[in-house]
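Contents: one structure, followed by commentary.
Every number in this text was worked out from the coordinates using simple rules, so none of it is lab data. Remember, predicted model here, so these are calculated numbers, not experimental data. So basically every Cβ, Gly included, is an ideal-geometry build from the backbone, and we count neighbours across all protein chains shown.
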Amino acid sequence: MIFKLKSVGLALAGLALGAVGLVAVARQSTAHADPATARQSLALSLTLFNQGNATAARSHALKAVSQDPSWGLAHAVLARTYLALGEGQAAEGELRRARDSGFDMGRAHQLSAEAWLLQGDTKRALAEAEKTDPRYRLYGLRIAARALAAQGKLPQAQRVLAKVLRATNGNDGLAWTDLGRVRQQSSDIGGAITAADRALAIDRGNVDALVLRGELVRSQFGLIAALPWFETALKVDPWRHDALIQYAATLGDAGRYSAMLEMTRRALAARPGSPQALYLQAVMAARADNDDLARSLLQRTNGALAGQPGALLLGGLLDYRAGAYQQAIDQWRWLLSVQPMNLEARRLLGAALLKSGDSRGALDIVRAIAVRGDADSYVLGLAGQAFEQSNERDWAARLLDRAAIPARDDAKPFGSDTPIADAAGALDRRPDDPIAAVTYIRGLIDDGQAASALAEAQRLARLFPGAPQGHLLVGDTLMMMKRFDAAASAYARAANLRFDEATMLRSVEALDRAGDREKAATVLALFLSQNPQNIVARRLTGHWQIASGEWDAAITTLEGLRAQLGNRDAALLAELGLAYAGADDVDSARLYAAAGYRLAPLNPATTDAFGWALFQAGEDKAALELMRKAVSIAPRHAGLRWHIAQVEAELGDKLAARADIARALADPRFPNRAEARALLATLGA
């Protein structure tokens, strides 16, 4: 029987062509072998592999091996399917069986190289790739490029892949996929998108390219937009482990937990004991406050994810909740050694150090973010407590006062710990190194050298137009120079490549400062539509809904957050009080505002909200007392001045009301200018 087999890459095509000869001369049939049926199973395996369904191809290759255990080619093809599924150890085992069955291993160096690469042995992978038979040279080059990338030699990897693409006139979809991955590692998101699109133009059933495109779309547009890419990949290969993991993670971040659980179970069926699937289930259990289950699931990964950021963050959180502060500290310190700009890890480590009694250590960790103008109240409170425990009460008082103030300064990029002279020297030595450029530019921004920072940031953006970081730095520098329109444009270019939380917040702030609140709201709404569980975006949405008088919408947004975060968030309760007051639900307004005030009686935002709720209930004198307290804590806050002016006007104190309205109007960012002027007009001269 003759089988018409399509090409499956250079190596696999070569294996298929040698099938008949190997059956005849390279082995002796075992007593129970069924060569004819084995050939049918192997032919079906190759067809399915061509179609992108490596999982089904593996199943039929397994049948071929069981039907003719001494057929070396069947073992080699089975190894190739294992490689496509990322299972290097299993592939290595099958290659040994192929060799023992008489298969010519001179034709399989590229397969052995990939097996070693998947097991993390990049040196051995490179050595094996060097031995690749000329017939499969391009396959070997692809594996060599991936090994170089795994060693961090990204420019070299790209040059090797460029050689493959030149040799194939740009028609190697697997090489384009590999190039997309390398560009993604290099932060060249635009280049990665182009490479993934080229790969899919060649083969729409390229599952690895579909998964890569899904990952890129997730960062480029958002969670919801990414889901169809993973779904398409799973239509090609319903049991592809990597696709299932990415799909499950995206579903979980989007709040679709039932679907996430189903996908993790499928991933465990596809790869029993999958550490990634167990980790995702642990995350889901931790979100549901089932820490015992989360810890059990994490332990079942048997250390396979040791040192990875997600596992370190989750493991530390579980230890922290259990009171095992030193264990949490150890994990979060390791995480910060890998990701020093991970602000969440800094907050958590600072809290753990403070809990363990190491106030000086806590200060060392959070100082860099506590001294920033845009530090949040949690970090400021944390630093204030640390100073207090260290008997540095002057610093403690300053930071605790700032923690109680509702308004923060503009957001700034996380600074650089490298002295600017050292950063400049590093850039002189490596002028095309984007990491050195970023460090130097951040140093210039911290040093207030706006013009130099802008010139360097623009140079970086020109050199690496597909990297979001360059455009973000241009925007950050323009924000420092108060060129808000231009900054918004720079952030928009970054958002076209990576529309994450940080980029969204920068874009919204720049547009708002440029006076385009409508467009800023559109950007926020777009982000939230794609990332419906994002807490920061939901908080900001609720805040803006209150500011624009959309009371019912604000209540829906904030109640959703309360259901998720609980009843211990004073700022959230205060805003709920304001929203219910605006909707004329006075009883609910008083309930929430009073609860927020009890949690944070020195916070002017909670104090003002409680006073405003009392004002709406007709208790004007009690309201005025609370609002005076709020204004005394934050005298420059225009919103507080506007609230107290309305109470003063109601009580007939026109002089005080006019003075407070004037102070509110003096702030160019005060949003209620028309209402304030209208009230001022009624108060007379």
How large are Rg and Dmax for the chain when only the alpha carbon atoms are used, in Å?
30.5, 110
For the range 96-156 and the range 192-263, what is the centre-to-centre distance using only Cα atoms, to the nearest Å?
27 Å
Measure nothing but the geometry: give the 0 to 90° angle between the long axis through the Cα atoms of 359-370 and the longest principal axis through the Cα atoms of the chain, rounded to 10°.
90 degrees
Would you report the distance distribution of C-alpha pairs in the range 9-217 as whole percents per 10 angstrom bin, up to the bin with the largest distance?
10, 34, 35, 16, 5, 0
Would you mind getting me the FRET efficiency between A583 and K153? Use the beta-carbon distance for r and R0 = 35 Å, nearest 0.05.
0.05
Taking the dipole of the chain about the Cα centre (Lys, Arg +1; Asp, Glu -1; charges at Cβ), the one of N531, Q158, Q616 that reaches farthest to the positive side is Q158
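For the range 643-685, what is the Kirkwood hydrodynamic radius in Å, using each pair of distinct C-alpha atoms? Display every interim value, and only then the final one.
Numbers: mean 1/r = 0.0990 Å⁻¹.
Result for the range 643-685 stands at 10.1 Å.
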Please determine, in degrees from 0 to 90 and to the nearest 10, the orientation of helix 207-220 with respect to the longest principal axis defined by the Cα atoms of the chain, where the helix direction is its Cα long axis.
10 degrees
Just want the answer: with Cβ charges of +1 for Lys and Arg and -1 for Asp and Glu, which residue in H109, I445, A248 is farthest toward the dipole's positive end in the chain?
H109
Quick one: of K131/K163; K163/K235; K63/K131, which pairs are farther than 21 Å apart, Cα to Cα?
K163/K235; K63/K131
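Over all distinct alpha-carbon pairs, what is the Kirkwood Rh of the range 38-82 in angstrom?
Answer for the range 38-82: a Kirkwood hydrodynamic radius of 9.6 Å.
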Between 0 and 90°, nearest 10: helix 241-253 axis offset from the chain longest Cα axis:
10 degrees
Summing -39500 (n - 2.57) over every DSSP H run of at least 4 in the chain, dividing by its residue total and rounding to the nearest 500, the 222 nm mean residue ellipticity is -23500 deg cm²/dmol
Quick one: dipole size for the range 141-251, taken about the Cα centre, charges +1 on Lys/Arg Cβ and -1 on Asp/Glu Cβ, in debye to the nearest 20.
360 debye
Along each of the three principal axes of the Cα atoms of the range 195-351, give the extent in whole Å, ordering the values from largest to smallest.
52, 32, 25
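Show me 203-209, 558-564, 133-139 ranked by packing, highest mean number of other Cβ atoms within 10 Å first.
Peptide ranking by packing, descending: 203-209, 133-139, 558-564.
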One finds the C-alpha centres of the range 459-530 and the range 300-350 to be spaced, in Å, by 31 Å
Residue among P601, H471, A579 farthest towards the positive dipole end of the chain, charges placed on Cβ
H471
